[in-house]
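Read the structure below first, then the notes.
The values are calculated or read from the model by the stated rules, or taken from the named source; none is laboratory data. Treat the numbers as computed from the prediction; the structure is a model and nothing was measured. Please note: Cβ atoms are built from the backbone with ideal geometry, for glycine as well, and neighbour counts cover all protein chains shown. Surface accessibility is based on the protein's heavy atoms, side chains included, excluding ligands, DNA and RNA. Shrake-Rupley method; radii C 1.70, N 1.55, O 1.52, S 1.80 Å.
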Amino acid sequence: MSLVAGSYEKFIWGFTLKPQSLILTPLFSYSSHLSLIKTVAISGSVVASGGGDDTIHLYNLSTASSLGSLHHHSATVTALSFYTPPDLLFPRNLISAAADGSVCLYDADGFVHFKTLPSVHRKAVNDLALHPSGKLALTVGRDECLAMVNLVRGRRSFCCRLGKEVSLVKYDCSGEKFCMVTEEKVSVHEAEGARLLLEFECQKRILCAAYAKNGLLYTGGEDRNITAWDINSGKVAYSIEEAHATRVKGIVALSDSDGSTGGDLVASASSDGIIRVWDIRMAATEKPNPLSECKTQSRLTCLAGSTLKFKKIVASNLKGQDQTMED
């Protein structure tokens with residue numbers, strides 16, 4: 001299992017987490033960007049980071065090396081997502097979004113730029129959610145709109161005005177539901193038709209959220225807590241009160257490559273630079289202590305994780321790609 005985190009200080013941090021010992025082991029730290037890092041994404045051993053310098057940087061986590069950069073955006077890169085088919089260990093596509101409302105599509109084999117969609121939103125894209133099928137993505141922006149992008153045809157297929165700005169959008173693991181976050185409120189919708197299923201509310205503003213394979217939605221934010229929500233009832237299943245001393249800026253539900261942990265392990269990152277790994281089940285009976293902890297000495301902005309173990313096939317796929325990819 002692997003974790004990557006971005007920071008205001010332009011550094012990206014890479015870690016491995018061994019299931020047996022549950023110790024966070026640092027792999028690398030790069031100061032690749034010229035401005036703060038806004039978003040990170042990981043698939044297997046491939047990592048991408050997007051920042052305020054309008055650039056996407058790429059890394060090989062298994063060899064702790066840089067793969068180069070992409071320069072197809074003309075504004076801050078605000079969201080990144082890899083699509084990896086279930087039968088592959090290497091991602092097929094990379095989708096990125098930016099503060100000028102644009103979305104870019106890439107082939108992950110060599111990171112070839114497919115297409116730029118210039119006006120998916122009239123203002124900045126806040127977040128994007130990639131459907132498990134890899135055929136479409138949802139985006140939300142500062143223009144208070146929800147848009148759907150057809151990734152097969154490479155065009156926006158739907159857009160509707162919400163009447164409020166949504167900061168986060170996430171598909172569940174099955175792709176049958178998605179959620180949207182507005183300040184401290186979460187709304188859960190059917191993927192087909194976007195019918196509202198339920199709503200629930202946290203104590204303070206939500207800054208990060210992640211679905212897990214066990215059917216829970218984890219949230220973190222200004223309340224400094226990690227809360228596990230039952231997305232069928234809208235009730236709190238577990239909660240770790242004061243999980244961090246400062247705001248929770250990133251959260252990842254972890255599982256082994258065979259899905260054995262099912263999302264019971266949760267990693268979180270706070271704005272004071274601390275990354276922690278928790279067994280969320282312990283919160284049902286007592287306030288748990290973190291299973292592992294690492295202090296980066298940076299102001300962290302985002303966190304991403306991969307549930308896939310490194311395998312030789314990943315390394316071989318990446319071997320010929322350790323080069324700068326600038327168009």
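Which of rounded, prolate, oblate describes the stretch 127-212, given a ≥ b ≥ c as roots of the alpha-carbon gyration tensor eigenvalues and a/c under 1.5 marking rounded, otherwise prolate only if a/b is larger than b/c? It comes out prolate by the Cα gyration axes. Distance between the C-alpha centres of the stretch 1-57 and the stretch 186-226: 24 Å, rounded to the whole angstrom.
As a test of reading the structure, rank 238, 8 by solvent-accessible area (1.4 Å probe, protein chains only), most first. Present the calculation step by step, with values, prior to reporting the outcome.
On the way: 238 65, 8 90 Å².
Solvent-accessible surface, decreasing: 8, 238.
Measuring against 18 Å, Cα to Cα, the residue pairs 170/213; 10/115; 38/213; 135/177; 123/204 contain 10/115; 38/213; 123/204 as the ones spanning a longer distance.
Using the Cβ of residue 92 as centre and a radius below 14 Å, the other residues enclosed give a net charge of -2, where K and R count +1 and D and E count -1. Put simply, the C-alpha atoms of the chain give a gyration tensor, and the ellipsoid matching it has half-axes of 26, 25, 18 Å, longest first. The value given for the stretch 196-287 is a Kirkwood hydrodynamic radius of 13.1 Å, derived from the mean inverse Cα-Cα separation.
Rounded to the nearest 0.05, what FRET efficiency do residue 92 and residue 272 have when you use their Cβ-Cβ distance and R0 = 35 Å? Write down the numbers at each step before the final one.
Working: r = 36 Å, r/R0 = 1.04.
Computed FRET efficiency for residue 92 and residue 272: 0.45.
Solvent-accessible surface of protein heavy atoms, probed at 1.4 angstrom with all chains present, puts 143, 100 in the order 100, 143, largest first. Report summary: the helix-based calculation at 222 nm, which adds -39500 (n - 2.57) for every DSSP H run with n ≥ 4 and divides by the residues of the chain, gives -500 deg cm²/dmol. Other residues within the sphere of radius under 15 Å centred on the Cβ of residue 5, judged by their own Cβ, net out at +4 (K and R +1, D and E -1).
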